[in-house]
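The values are calculated or read from the model by the stated rules, or taken from the named source; none is laboratory data. Computed from a predicted structure; not experimentally measured. So basically every Cβ, Gly included, is an ideal-geometry build from the backbone, and we count neighbours across all protein chains shown.
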């Protein structure tokens with residue numbers, strides 16, 4: 001993983017650092033967001049020099065309350081037993097979960113372009129090969145579309161959120177369990193995703209790829 005990547009000149013000028021994946025390298029569950037974010041206070045106002053761009057850990061900004069429901073990915077991971085609730089927000093202790101993004105650098109004023117996502121794709125592919133997860137969890141619609149196009153045969157027209165939130169999409173080698181960005185979820189959407197994922201945990205979800213020693 002290149003810590004000094006210069007593939008996207010516009011992002012090199014605005015980032016604090018390259019944010020590669022983080023977590024349990026033997027994880028069954030790999031969560032993929034769109035890009036590093038800035039931290040937010042309880043009102044949802046971002047701090048330009050804080051969050052994942054500063055900490056170097058994907059979803060680290062989720063240590064702060066979200067602007068709408070207050071739900072964060074970290075809280076979901078804690079409820080599912082995938083994150084130690086006593087660990088610091090900038091360096092969470094994860095078990096059976098790995099966190100990453102489509103793009104590794106943050107622009108403060110816009111989402112990544114298609115070219116920037118394509119430039120980062122080799123990093124994501126390398127992480128997926130290294131982790132070899134059982135389940136991919138796209139966080140947000142951009143991640144859902146990118147992962148589903150690569151790893152499923154589901155038509156793009158059928159990949160919209162919120163319709164695919166808290167569902168399982170069978171793919172080529174992986175199952176996808178999409179979610180709306182936790183900071184944009186209603187309480188009902190959060191509960192439905194947690195219940196769906198808990199049901200998945202209770203099943204033999206490894207059966208499509210065979211069990212492996214951990």
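The number of residues in region 85-114 being under 14 Å from residue 5 (Cβ atoms) and out of contact with any helix residue (DSSP H, G or I) (no Cβ under 7 Å at 6 or more places or on another chain) comes to 2. For residue 138, the conditions (1) in contact with a strand residue (DSSP E or B) (Cβ under 8 Å, 6 or more places away or on another chain); (2) under 21 Å from residue 35 (Cβ atoms); (3) modelled with pLDDT under 95 all hold with the exception of (3). Of all residues being in a loop (DSSP other than H, G, I, E, B) and at pLDDT 90 or above in region 61-83, which is surrounded by the fewest Cβ atoms within 10 Å (Cβ to Cβ)? Just the residue, please. Looking at residues that are in a loop (DSSP other than H, G, I, E, B) and at pLDDT 90 or above, I get 81. Residues of region 84-100 that are at pLDDT below 95 and either within 14 Å of the chain's Cα centre (by Cα) or crowded, with 24+ Cβ neighbours inside 10 Å (or both): 92 alone.
Residue-wise test of (1) within 19 Å of residue 98 (Cα to Cα); (2) assigned to a strand (DSSP E or B).
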position	(1), (2)
118	no, no
124	yes, no
128	yes, no
138	yes, yes
145	no, no
149	no, no
162	no, no
165	no, no
189	no, no
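Please indicate, with yes or no, whether at least one residue in region 173-184 is over 18 Å from the mean Cα position of the chain (by Cα) and either in a helix (DSSP H, G or I) or more than 30 Å from residue 10 (Cα to Cα) (or both). Yes, because at least one residue in region 173-184 is over 18 Å from the mean Cα position of the chain (by Cα) and either in a helix (DSSP H, G or I) or more than 30 Å from residue 10 (Cα to Cα) (or both). Within region 187-214, residues that are more than 22 Å from residue 25 (Cα to Cα) sit with their Cβ atoms under 8 Å from residues that are in a helix (DSSP H, G or I) and at pLDDT 90 or above, at 6+ positions apart or across chains, in these pairs: 190/76; 190/182; 193/76; 194/76; 194/79.
Here's the yes/no breakdown for (1) more than 14 Å from the chain's Cα centre (by Cα); (2) surrounded by 21 or more Cβ atoms within 10 Å (Cβ to Cβ):
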{"site": "102", "(1), (2)": "no, yes"}
{"site": "105", "(1), (2)": "yes, yes"}
{"site": "117", "(1), (2)": "yes, no"}
{"site": "122", "(1), (2)": "yes, no"}
{"site": "126", "(1), (2)": "yes, no"}
{"site": "133", "(1), (2)": "no, yes"}
{"site": "141", "(1), (2)": "no, no"}
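Pairs are defined by a Cβ separation below 9 Å, a sequence spacing of at least 6 or placement on different chains, a first member in region 159-173 that is farther than 13 Å from residue 147 by Cα, and a second member that is loosely packed, with under 13 Cβ neighbours inside 10 Å and modelled with pLDDT under 95; the pairs so defined are 164/158.
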